[in-house]
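Submitted below is the structure of interest, expressed as structure tokens.
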Amino acid sequence: MKRKILIFSTAYHPFVGGAEVAVKEITERNPDLEFHLLTAKMDKRLPQQEKIGNVEVFRMGIGNPMIDKLLLAFYGYRIAIKLKKQHKYDLIWSIMASYAGLAASKFKRGYPQIPFILTLQEGDSPKHIQKRARFVKGQFKNIFKRADKIQCISSYLAGWAKRMGAICPIDIIPNGVDVKNFNQLFSDKHQKELKHQLGKQEKDNFLIHTGRLTYKNGLEDLIKSLIYLPSHIKLLLLGEGEDREKLVKISKERGLENRVNFLGFVNQEELPKYLKISDIFVRPSLSEGLGNSFLEAMATKTPVIATPVGGIPDFLKDKETGLFCRTKDPESIAEQVKLFLEDKLLRERIIINAYKMVRQKYDWDVIAKAMNKLFSHKI
């Protein structure tokens, strides 16, 4: 009989971020386990229950994002109790110390005999997270205290777990990359067509950023870095987010609108094409749990510039697997861009080192096996 695991996740497909990708990749690579997932509905058009890959998804709420998240946090444990009576779960797994984490913690209080694994994937700074959770401070800390095992995607988040009062064992198992997908080959014809579509001339260099257009990703600094770079260096921004209008306005105010291309959401299957026709991936983060987008860029053999914050130093070593720039410093970003474009030997060495590291340590097959051991281990 398969071991049954109930996942608590604030969001799930079709709402996709790093955490949701991780759940999908891990569950699909572990067919010997049975996964159910409780999440907030957040869209009236979505069914209450459906099978997605290797996960049976149960949604609760009325289709309003904010209301449904609160319902999950404070009443989700009641739905979990009903599901438990039907399915006899062997383990519960919370994705992040969030709304879903509160539900998992309350469920654990009622069923202390069922092991509780907490995964930390948070990208926002601990200060920002704790400010949001200040109204439920005691309950929020209980998420960490009631966990039987905590899995963190970086050593940075492991340190945060300890500061939040975790007393259980803590394992560091990072997120991964579908190396096969991101290192796929595209014909010269396809690459030329995409370059033509994006207006890339032979002399042009493209900087690229993939991910949410949000404050923590330092995109205002990235756009402003173009002021210190020649006009043939342009920027592709792939993704959507609450800061889009603000960033468009900054581009226009600085006279950079012809050098910044807002491309909107691009799915995982299409991302590699854009990375492969770009010259440098840049994200000058202000906070970062780990940063899957960096690893995806490395898997396409696109060199990376980042800031030494959060979990990034776990995988990025300056002048070995990437280059570091200073936070909130557009000139520093420009300096590192110039270094990559001028020092071809350094660039090639970094590309080789980064790709080798990702393939050996961060492929989803490797991560899924590590998670299987965690699920199977007697807690």
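Using 28 Å as the Cα-Cα cut-off, could you pick out the over-long pairs in LYS2/LYS273; LYS189/LYS246; LYS108/LYS369?
LYS2/LYS273; LYS189/LYS246
With each label point set 7 Å from Cα along the Cα-Cβ vector, what nm distance links ASP318 and GLN48?
Distance between the two pseudo-spin positions: 5.6 nm.
Taking 0.36 nm per residue of sequence separation and subtracting the Cα-Cα distance, how much length would be gained by fully extending the chain between TYR75 and LYS4, in nm to one decimal?
Working: separation 71, 0.36 × 71 = 25.56 nm, distance 2.19 nm.
Stretched fully, the TYR75-LYS4 segment lengthens by 23.4 nm.
If the only charges are +1 at each Lys and Arg Cβ and -1 at each Asp and Glu Cβ, what is the size of the charge dipole of segment 41-99 around the Cα centre, to the nearest 20 debye?
Working: 11 positive and 5 negative charges, 43 e Å.
With Lys and Arg at +1 and Asp and Glu at -1, about 200 debye.
Mind putting a number on the dipole of the chain about its Cα centre? Charges go on the C-beta only, +1 for Lys and Arg and -1 for Asp and Glu, and I need it in Debye to the nearest 20.
Working: 64 positive and 43 negative charges, 318 e Å.
Magnitude of the dipole: close to 1520 debye.
Let me ask you something else. Taking the Cβ of ILE150 as the centre, find all other residues whose Cβ is under 11 Å away and add up their charges (Lys, Arg: +1; Asp, Glu: -1).
Working: positive: LYS145, ARG146, LYS149, LYS162; negative: ASP148, ASP171.
Cβ neighbours under 11 Å give a net charge of +2.
How far is the Cα center of segment 240-260 from the Cα center of segment 298-368, in Å?
25 Å
Per-residue ellipticity at 222 nm for the chain, helices alone: DSSP H runs ≥ 4 residues times -39500 (n - 2.57), over residue total, nearest 500 deg cm²/dmol?
Roughly -13000 deg cm²/dmol at 222 nm, from the helical runs in the chain.
What percent of all Cα-Cα pairs in segment 223-311 falls into each 10 Å bin, going from 0 up to the bin containing the maximum distance?
Per 10 Å bin, starting at 0, the Cα pair percentages come out as 14, 46, 37, 3.
Working out 0.36 nm times the residue gap between TYR228 and LYS378, then minus their Cα-Cα distance, what length gain in nm do you get to one decimal?
48.4 nm
Within 10 Å of each residue's Cβ, count the other Cβ atoms and sort LEU271, LEU235 from fewest upward.
LEU271, LEU235
Can you check what the net charge comes to around LEU70, using other residues whose Cβ is under 13 Å from the Cβ of LEU70 (Lys, Arg +1; Asp, Glu -1)?
In short, +2.
Another question, then. What is the gain in length, in nm to one decimal, between ASP32 and LYS145 on full extension, counting 0.36 nm per residue of separation less the C-alpha to C-alpha distance?
Gain on extension, ASP32 to LYS145, equals 37.7 nm.
Among DSSP bridges having both ends in the chain, what percentage is antiparallel? Round to the nearest 5. Intermediate values should be presented prior to the final figure.
On the way: 4 of 51 bridges.
DSSP beta bridges in the chain are roughly 10 percent antiparallel.
Can you tally the net charge around LEU256? Count Lys and Arg as +1, Asp and Glu as -1, for every other residue whose Cβ sits under 12 Å from the Cβ of LEU256.
Its environment carries a net charge of +3.
Then there's this: Cα-Cα pairs above 28 Å in segment 1-135: how many percent?
10 percent
Rank by packing, highest mean first: peptides 143-152, 212-221, with packing defined as the count of other Cβ atoms within 10 Å averaged across residues.
Values: 143-152: 22.8, 212-221: 21.3.
The most tightly packed comes first, giving 143-152, 212-221.
Any idea what % of Cα-Cα pairs in segment 131-206 are farther than 17 Å? Please list the in-between numbers first.
On the way: 1879 of 2850 pairs.
Counting pairs separated by more than 17 Å, the tail of P(r) holds 66 percent.
Scale the Cα Rg of segment 240-379 by the rule-of-thumb value 2.2 N^0.38 Å and send over the ratio, two decimals. If you can, show how the numbers build up before the last one.
Values: Rg = 16.9 Å, N = 140, 2.2 N^0.38 = 14.4 Å.
In units of the globular-protein estimate, segment 240-379 measures up at 1.18.
Further, regarding this structure: Using 29 Å as the Cα-Cα cut-off, could you pick out the over-long pairs in LYS200/LYS224; LYS41/LYS82; LYS44/LYS106; LYS84/LYS149; LYS131/LYS234?
LYS131/LYS234
Still on this structure, I have one more. Which value results for Rg/Rh of segment 277-335 when Rg is the Cα radius of gyration and Rh the Kirkwood radius based on the inverse mean 1/r?
Result: Rg/Rh = 0.92.
Additional query: Between GLN113 and LYS328, how high is the FRET efficiency from 1/(1 + (r/R0)^6) when r is the Cβ-Cβ distance and R₀ = 51 Å? Nearest 0.05.
My answer for the efficiency is 0.60.
I've got another one for you. Kindly provide the Kirkwood hydrodynamic radius of the chain in Å, to one decimal, from all pairs of distinct alpha carbon atoms.
On the way: mean 1/r = 0.0461 Å⁻¹.
When all Cα pairs of the chain are included, the Kirkwood radius is 21.7 Å.
Fewest to most neighbouring Cβ within 10 Å: what's the order for SER278, SER376? List each step's numbers first, then the result.
On the way: SER278 25, SER376 13.
Going from sparsest to densest Cβ surroundings: SER376, SER278.
Where a number appears in this text, it was derived from the coordinates with a stated rule and is not lab data. Note that the structure is a prediction, hence the values are computed from the model and not measured. We place every Cβ from the backbone using ideal geometry, glycine too, and count neighbours over all the protein chains shown.
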